[in-house]
Amino acid sequence: MGNSADIFEIPDNENTIVVLTKYQWQHILERREYDFSKYLPNIKDVIQNPDIKGRKESHPDIKVYVQKNKKNRNSLSSYLVVYVDSNNMIRTALFKRKLERIIQ
């Protein structure tokens, strides 16, 4: 691991290294109304094995990695979505019900 301020550095499905810093992980955890900490392995899996990968419609410099919620297919939150900036740093991660206007 390159930096002690990082939670992880992993290659995505195209071998680009994606980083989650401790600072951004804390940001993600503070903004969720539920215990998101148990989803860290899922975030890694989305980066390495996305069902869909594209760009954020409103910010084309932001990459979007999407994976169907495998644990609970009947959940109202059907997709785990991870946003990665142009420096390959994870900006945020969250569950979404629909993918409309997320990806171009």
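Label-to-label distance for Asn3 and His59 is 1.7 nm, based on points extended 7 Å past Cα in the beta-carbon direction. Computed from the Cα positions only, the extents of segment 1-55 along the three principal axes stand at 31, 27, 20 Å, in decreasing order. For Asp6, the amide hydrogen comes within under 5 Å of the amide hydrogens of Lys22, counting only partners 5 or more places away or on other chains and with H modelled in the peptide plane.
How much mean residue ellipticity at 222 nm does the chain get from its helices, if each DSSP H run of length 4 or more adds -39500 (n - 2.57) and you divide by all residues, to the nearest 500 deg cm²/dmol? Don't jump to the answer; show the numbers that get you there.
Values: 2 runs with 18 residues, N = 104.
Mean residue ellipticity at 222 nm (helix-derived): -5000 deg cm²/dmol.
Each Lys and Arg contributes +1 and each Asp and Glu -1, all at the Cβ; summed about the Cα centre of segment 6-96, the dipole is approximately 360 debye.
Over all distinct Cα pairs, what is the inverse of the mean 1/r for the chain, reported as the Kirkwood hydrodynamic radius in Å?
Working: mean 1/r = 0.0724 Å⁻¹.
Evaluated over the chain, this radius sits at 13.8 Å.
Just so you know, all these numbers are worked out from the coordinates, no wet-lab data involved. Keep in mind it's a predicted model, so treat the numbers as computed, not measured. Cβ coordinates were reconstructed from backbone atoms using ideal geometry, including for glycine residues, and neighbour counts include every protein chain displayed.
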